[in-house]
Structure formats: structure tokens, C-alpha cells
Amino acid sequence: MRLTPGPARDIDLAEVDLFDLDLYSHGDPHPIWDVMREKAPLHHQVLPDGREFWSVTRFEDVHRVLADHREFTSERGTVPTHLGTDDEAAGVLMTSTDPPRHTEVRRPLGSKLTARAVKAWEDKIRGTIVRFLEPALDGEVFDLAEKALLLPAMVTGPLLGIPEKDWENLVQLTAMVTAPSDRHFLVGHEAATLAISHHELVTYVREWARSRRATGDEDDSLLHHLMSVRPGGKPLTDEEIALDGYSILLGANVTTPHTVSGTVQALVERPEQYAKAQADPSLIPNLVEEGLRWTSAACNFMRYAVDDVEIGGGTIPARGAVVAWIGSANRDAAQFPDPHTFDITRANAKRQAAFGFGPHFCIGAPLARMTLRIFFEELLQRFDSIELAGEPEHLRSYFIAGMTHLPIVAQKRQTP
Ligand code: HEM
């Protein structure tokens, strides 16, 4: 989807189809969300197959839906591609479990992913990013979006304890789960793509845990840590470990690459912002926050209303599905003045909603922030300028906002 919106246009909200994949692969949803925030902060849509959902688009409503599990449960599923099918892993998979059980499910992972804990990986991650950028130094066309798909696997693979030979396959599988209609990932039809990829991913982590248990091998990886923790005095089952591993693989693989590509695109289109960051590297952490806001790679998450609930000037009936559009919340002028301007000096960029809110706030946020900071430190240090070398291609997904192709040519930095 376009991250810099085109001109405002007439929009008939009764006709809007927020699940229209063309809107994201070739279209421009921002002008639609702008009108929704102003005129229909609670929007209702019925799909041709009868499934229905409500949408909230304002920052404060997105915050409320994602943060308040008493009003909006995660237990029936949180990913809009699964709308209408209750999540079988509720109560086990961290993403589809409400507090207080959620706190127990999340705890074993939390201590390994704090800002302080991930700091220990900084040098390793920097080495990985330097290797990643190496091929761009030769001045040839470098398809950043395509290459970046592998970046989280390069970063989290060693931390998780996943061997390099499996990374490519896992990246493909996680992309299939989140963008099952994109031609790069489609196998047969959408439902089959979803089912195959979900099954293969969970099976991979389960088998990995089993074989580790059998050999008794130990290391300091995250998956190994999961095998040794004992929340409530009991070890996690292989199934629980498999689902945690699945969440991490998914959480990391499908978001960070698109934040990288979308932020680089924003800088390429605004050379003055690139020059500003290069002249003052202390701006890089804020550039990362603005990039997270601008790209909103997790475009939305879903919840189900527990009871009838008043929100956005309307009512969602009990058991109704509600999609919280993070991509829209991050462009809400009530929160971010001049929201469609990409500004690396934006004062409150850190308030961005890209990692969600409340109990499910992204557990990988410290790792993602550090990875992105290192990425931009290394990029700005290496290249004087970057230019587009072809048309970007956007991901065909209403769940993940991203790109499949972003060809660039980078000029090696001459000055130190
Ligand atoms: C730019 C990068 C990232 C973005 C934009 C992002 C976004 C999000 C969002 C919006 C949520 C909230 C889901 C909800 O409310 O239901 C979330 C949760 C989660 N993220 Fe991330 N994420 C990123 C990176 C990562 C990384 C690197 C990891 C793995 C280390 C990760 C693992 C997870 C997990 C496991 C959850 C579920 C947490 C829970 O349910 O308690 N994410 N992420």
C-alpha cells in the first residue's frame, strides 16, 4: 500500500471494502482511513460470504480495543485473516490468551527479551547487519524488500537456536501465514496456503524441541531457555514450546523487514531527511520511531467484543469482531500533527502505536528497536545517498503492510 497518500478523494463509506486486497497491493487506503476517522470512527462491514466486522480507526479507540481485554477478548483469535474461525490454540498460544493466564504464558519469554537482555546480542546483530548490507556496496541494483525478508531470520535465527539451513524455508512459511494471497507466497488457494504454512511451522518447532530434548544439547538460545523454564513449577510441554516458537518466528519475520523497507523508501523520497540523519546520528532512535509509525507493518489486530460495547459513537454487539487499524491510528492528527509528513525530528514519534498496547504489547519491541537502530546506524554510515532503481511492489495483504520489491542503488560514502 502507498505509505505517502495520494490526493484526498470522494469516498462512499457504505461502499468501502477494507478486505479488498487490491487496495493494499495497488491502492491507497490512507485517504479512506482519514475519512473514517472523521466521519465513521466505528465502521461496520459485511463480507460477501456473510462474515461481518467492525473497524475502529482513531488512535484512542485502537488503544482501548487492544489494551482492554475485559471488553475485547483475544481468546477467539486476533488475526483478521482468520475472521469467523475461533482460534483452537486459545489459552495456550500467547497471542490468543487473555490475562491472567496470558501473564503466565508470556512470562517465560519476557525475561529473555527485555531491553537489558537483548543488549547482550548487540554485537552479534551488528555483525549480521554489516554482512546483510555488504552486497549493496558494489553499486549494483539491490532489491532491499526482497533481501530484507531474510533479515529477521539472520538476526533471530541464532538467538532462537535455528540452524541457517532452515531460515529460508521458515521465512517462506511465515510469509505464507501472513500474506496467503500474495502471488509470491500463494500455494494453490488462500485457505490451503494458510493451513499448510501454519501446520508446517508448528511441526517444525515441535520437532526441533523434541530432537533437542532427545540429544540433551544445551546452548543459550531462546528455544532452549523455553525448554528449561518452569512456570508454576511445571516445565512447558512440547506443544507450548512449539506455539511460543511459532509466535516469535511470526512476530519477528513478518514485521521488521517491512519496517526497514518502508522507512528506507521514505528516506529515499526525502533526501533532506536522509542528510539530516546522516549529519546527526543522535537522531537515529527517533528516526526508528518515526519509521515504525510511518510503516505500521502490523496494519491491524483483531479482538472480539465480550458484551455489547459503546465505542466510536456506536455499538459493537456482544461477540462481534472488531479490527483495530494500527496503520490509521498512527496517522491520527489528534495524536500526530501533520500526520502524513515523515519527519525524523517529530516530537512525539515514540507514542506510535506500531507495537500495539496493553497486555499483548509486542514482546519483541526491544529487539526490533535495537535491530532497526543498528540497521540505520550502519546504513547511514556506509552510503552517501540511495536512489530508487525501479517500481516498488506492495504486499497483497490487509494484515501486514509491506513490500515484496524495492530495488535501490546506493552510493558508497566518500566522506568519513
Ligand atoms: C517492527 C517490528 C515489529 C512490529 C511492528 C510488531 C508488532 C506487534 C504488535 C502490534 C503486537 C500486538 C498484537 C496484539 O495486540 O494482539 C505484537 C505482538 C507480538 N510480537 Fe511483535 N512486532 C515486531 C517485532 C517483533 C519481534 C522482533 C518479535 C520476536 C522477537 C515479535 C514477537 C511478538 C510476539 C510473540 C507477540 C505476541 C505478544 C503477546 O501476545 O503477548 N515481534 N507485535
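The values are calculated or read from the model by the stated rules, or taken from the named source; none is laboratory data. Given the structure is predicted, the values throughout are model-derived calculations rather than measurements. When we count neighbours, we look across all protein chains shown, and the Cβ atoms used for this are built from the backbone with ideal geometry, even at glycine. To get the accessible areas, we keep the full protein, side chains included, count just its heavy atoms, and leave off ligands, DNA and RNA. Shrake-Rupley method; radii C 1.70, N 1.55, O 1.52, S 1.80 Å.
A compact table of results
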item	result
Summed side-chain charge close to Leu170 - residues other than Leu170 whose Cβ falls under 11 Å, Lys, Arg +1, Asp, Glu -1	-3
Size of electric dipole in region 214-309: Cβ of Lys, Arg +1 and of Asp, Glu -1, about Cα centre, debye, nearest 20	340 debye
Top of Leu287, Leu388, Leu367 by mean-square fluctuation, Gaussian network on the chain, Cα under 10 Å	Leu388
Beta bridge orientation in the chain: antiparallel %, DSSP, nearest 5	90 percent
Region 116-258: C-alpha gyration tensor shape, a/c 1.5 cut-off, then a/b vs b/c	oblate
When each of Lys165/Lys412; Lys165/Lys234; Lys124/Lys165; Lys276/Lys412 is checked by Cα-Cα distance, pairs over 24 Å	Lys165/Lys412; Lys165/Lys234
Region 255-338: trypsin sites (Lys or Arg not before Pro) in DSSP loop, at most 15 other beta carbons within 10 Å	Arg319
The chain: DSSP helices with Cα axial extent of at least 24 Å and average Kyte-Doolittle hydropathy no lower than 0.0	365-382
Lys/Arg +1, Asp/Glu -1 at C-beta; region 21-172 dipole; positive extreme among Ala120, Leu66, Ser96	Ala120
Region 21-385: relative contact order in percent, alpha carbon pairs under 8 Å with at least 6 residues between	26 percent
Helical mean residue ellipticity (222 nm; -39500 (n - 2.57) per DSSP H run of 4+; nearest 500) of the chain	-13500 deg cm²/dmol
Förster-model FRET efficiency, 22 Å R0, Val187 and Glu391, C-beta, rounded to 0.05	0.30
Additional length obtainable on full extension of the chain from Arg270 to Glu239, 0.36 nm per residue less Cα span	6.4 nm
Qualifying lysines (Cα of each under 19 Å from Cα of Lys39; at least 8 residues distant if same chain)	none
Percent accessible area from carbon and sulfur atoms, region 197-339, protein chains only, probe 1.4 Å	53 percent
Shape call, region 189-283: gyration tensor on alpha carbons, a/c limit 1.5	oblate
Region 145-214, relative contact order in percent, only Cα pairs under 8 angstrom and at least six apart counted	21 percent
Restricting region 166-273 to trypsin sites (Lys or Arg not before Pro) in coil, as DSSP defines it, with at most 14 other Cβ within 10 Å	Arg183
Cα gyration tensor category, rounded, prolate or oblate, for region 326-386 with a/c compared to 1.5	oblate
Options Ser228, Pro152, His199, ranked by Cα towards positive dipole end of region 126-239, top entry (Cβ charges)	Ser228
Total charge dipole magnitude, the chain, about the Cα centre, Cβ charges on Lys, Arg, Asp, Glu only, Debye to nearest 20	1280 debye
